[in-house]
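Here you go, one structure.
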Amino acid sequence: MADAFDTLPEQWNEELKDETGAALSKSEFKRRQKANRVAAERAEKAATKAAEQAAKPAKEKEEGGLEEDNEDLDPAAYRENRIRAVTLKKEKGINPYPHKFHVSLSVPEFVAKYNDLEPGSQLQDVTVSVAGRIYSKRASGAKLLFYDLHGEGKKVQLMADVRNSDLDLTAFQTVHNDTKRGDIVGVVGYPGKSKKGELSIFPKAFQVLSPCLHMPPKAHYGLKDQETRYRQRYLDLICNPEVRGIFYTRAKVIQFVRRFLDDRGFLEVETPMMNLIPGGATAKPFVTHHNDLKQDMYMRIAPELFLKQLVVGGIERVYEMGRQFRNEGIDLTHNPEFTTVEFYMAYADYNDLMEMTEQMISEMVMAIKGSHKIQYHANGHDQPPVEIDFTPPWRRISMVSGLEEKLGIKFPADLMGPEARKMLAEQCIKHNVNCPSPQTPARLLDKLVGEFLEEQCTSPTFICDHPQLMSPLAKWHRTLPGMTERFELFINKREVCNSYTELNDPIKQRELFQDQSAAKAEGDDEAMFVDEDFCTALEYGLPPTGGWGMGIDRLTMMLTDTINIKEVLFFPAMKPREDGTGTA
């Protein structure tokens, strides 16, 4: 914590200088103002506490053999005191970080096994050894303390009584005075319940396994500051036990998808994270450099092209669960790295995959939430929730005809032509839809779909039959000229799945790659490169195949009622701090 600054004026002005003579910024001035205010408040608290201590009778002081945690200290001073205590132990030959502590039961196992004990009962002939983190500490006289011990999302009380301890009174008091909130401890004792019915362990032996050198946020208030929560996720998990539930739900989503695909004969594989060409999706890639090869490479934006090469090689049902990297914006639903699952299924088309998608996700929601209908606070927890109904079958909207119906117009047959581009641009202007340059037909169409079709998709809805110009890897539609056999699944107005009947004509694929290359030449950073290796693989024969991809993060957001993608990522991308540190 910063020191107080005695010479600070009441208001900032441009003439202010810091200690080095450099101009004092307004933000630094505010920081110093806050430091002064905090220092004054702490000084006042310290003076009040000292006065209270001085007013206590001498006899009371002598009887107070057990100390409460001194959390009125400045956090920096608290940390210094704890480091000093740890150093002192080391100097005495005591290891403050033991190598091993035998645990016979985890905290959840202990709670499950002994929760039905009667109030006041004690199983003194049973010995258990349990470890966890101290969340609260309460002294009751000179010989008894109560702790709340947490582990793996569960809590148990410790009733540390000198009468049950293997230590004498002085050693008992020393051990417990050295124990602070946040410490990880191991206890050996017997189970029981207090007279009030609180499940407890009555320790015979008590050992600090890893001291917490920092002052944890107080349990009553928790940790609310979002930036601290995301930058120090470990502290978020310590202070806000409900957060772990989000990540357990995320794991259930991943486990369900794996089980669903494994049960249908799919093989899980891994494909390269770095590529010479960033293929498989329309997105702006991250660039890295390979020192040994002396060339730039791209972090993958999708595993699609590799997975389809495996289908060419005869692995007819294949999937990959993993990270993708896209050098795009950070907002409530986008993170530069995110988790997807993609699968490819020979001899299937997009109609088969729509049915699989309905079955997979509806069964998943039922398994995790116990109902097909969920309440989701799409506009924040201070606003009424929306109901999302996952009951199949789901609504289907054909993209171009659906957009024509909404706009009350008819698009030209050739959506790549100048007439179509002009009409799309005019519609964007007419309806105040922003489409930054380059205004290619694909980008203009995508913006209009987002404004008029995606907004209808609160409950799961398939937007189908995308134009070929938006889908260079999808196969042409059998009955709709210029369109493809593709669908995107939208839930709560956000894309969750993308799927299509795969294009397996290598000649047509090269032509579409070249169209994408032309869009890239116009300045579209998200357009695809020409991937000759993939085209060569297609020349060996890709069977009729259905391909499918889903974002794990957004689906998890809906199933955990969170509106910020950072809530479902342990370590989300963060802007650097002002000092240039902490980018994750």
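Looking at segment 452-500 only, could you name the residues that are open to solvent by 30 Å² or more (accessible area, probe 1.4 Å), of a type in the set (Gly, Ala, Ser) and over 31 Å from the mean Cα position of the chain (by Cα)?
482
From the list 307, 261, 235, which residue is farther than 30 Å from residue 564 by Cα and open to solvent by less than 70 Å² (accessible area, probe 1.4 Å)?
Numbers: 261 fails: farther than 30 Å from residue 564 by Cα; 235 fails: farther than 30 Å from residue 564 by Cα.
That would be 307, the only listed residue that is farther than 30 Å from residue 564 by Cα and open to solvent by less than 70 Å² (accessible area, probe 1.4 Å).
Continuing with this model, one more query. Could you grab the pairs with beta carbons closer than 6 Å, sequence gap of 6+ or different chains, first residue in segment 322-350 and open to solvent by 60 Å² or more (accessible area, probe 1.4 Å), second one among the acidic types (Asp, Glu) and assigned to a strand (DSSP E or B)?
Listed pairs, sorted by first residue: 323/337.
Determine whether segment 184-195 contains at least one residue that is open to solvent by less than 40 Å² (accessible area, probe 1.4 Å), on the phi > 0 side of the Ramachandran plot and assigned to a loop (DSSP other than H, G, I, E, B).
The answer is no; no qualifying residue exists.
Every residue in segment 386-412 that is of a type outside the set (Val, Ile, Thr), in contact (Cβ under 8 Å) with a residue 12 or more places away in the chain, open to solvent by 30 Å² or more (accessible area, probe 1.4 Å) and assigned to a loop (DSSP other than H, G, I, E, B), please.
392, 393
May I ask you to list the residues in segment 446-494 that are hydroxyl-bearing (Ser, Thr, Tyr) and in contact (Cβ under 8 Å) with a residue 24 or more places away in the chain?
Listed by number, the residues that qualify are 458, 459, 461, 471.
Here's a follow-up. Restricting attention to segment 135-183, which residues are open to solvent by 50 Å² or more (accessible area, probe 1.4 Å), in contact with a strand residue (DSSP E or B) (Cβ under 9 Å, 6 or more places away or on another chain), part of a loop (DSSP other than H, G, I, E, B) and not basic (Lys, Arg)?
Scanning segment 135-183 gives 140, 152, 166, 167.
Of the numbered conditions (1) in contact with a helix residue (DSSP H, G or I) (Cβ under 6 Å, 6 or more places away or on another chain); (2) surrounded by fewer than 20 Cβ atoms within 10 Å (Cβ to Cβ); (3) within 15 Å of residue 266 (Cα to Cα), residue 318 satisfies every one except a single condition; which is it?
Looking at each condition in turn, residue 318 falls short on (2).
From the list 542, 469, exactly one residue is part of a loop (DSSP other than H, G, I, E, B) and either at positive phi or out of contact with any Phe, Trp or Tyr (no Cβ under 6 Å at 6 or more places or on another chain) (or both). Which is it? Quick ask: steps written out before the conclusion?
Details: 469 fails: part of a loop (DSSP other than H, G, I, E, B).
Within the list 542, 469, the selection yields 542.
So how many residues does segment 436-445 have that are in a loop (DSSP other than H, G, I, E, B) and without any contact (Cβ under 8 Å) to a residue 60 or more places away in the chain?
Selection size over segment 436-445: 2.
If you don't mind, there's one more thing I want to ask. Considering every residue within segment 89-98, establish whether at least one is outside any loop (DSSP other than H, G, I, E, B), free of Cβ contacts under 8 Å to residues at least 24 places away in the same chain and surrounded by 14 or more Cβ atoms within 10 Å (Cβ to Cβ). Step through it out loud before you land on a result.
Step one: filter segment 89-98 for residues outside any loop (DSSP other than H, G, I, E, B), giving 89-91.
Next, from what is left, pick out any that are free of Cβ contacts under 8 Å to residues at least 24 places away in the same chain: 89-91.
From what's left, surrounded by 14 or more Cβ atoms within 10 Å (Cβ to Cβ): 89.
Within segment 89-98 (the criterion being outside any loop (DSSP other than H, G, I, E, B), free of Cβ contacts under 8 Å to residues at least 24 places away in the same chain and surrounded by 14 or more Cβ atoms within 10 Å (Cβ to Cβ)), the answer is yes, since at least one residue qualifies.
The values are calculated or read from the model by the stated rules, or taken from the named source; none is laboratory data. Everything numeric in this text was worked out from a predicted model, so none of it was measured. For neighbour counting, all protein chains shown are included, and Cβ atoms are generated from backbone atoms with ideal geometry for every residue, glycine included. Ligands, DNA and RNA are excluded from the accessible area calculation, which covers all protein heavy atoms including side chains. Shrake-Rupley method; radii C 1.70, N 1.55, O 1.52, S 1.80 Å.
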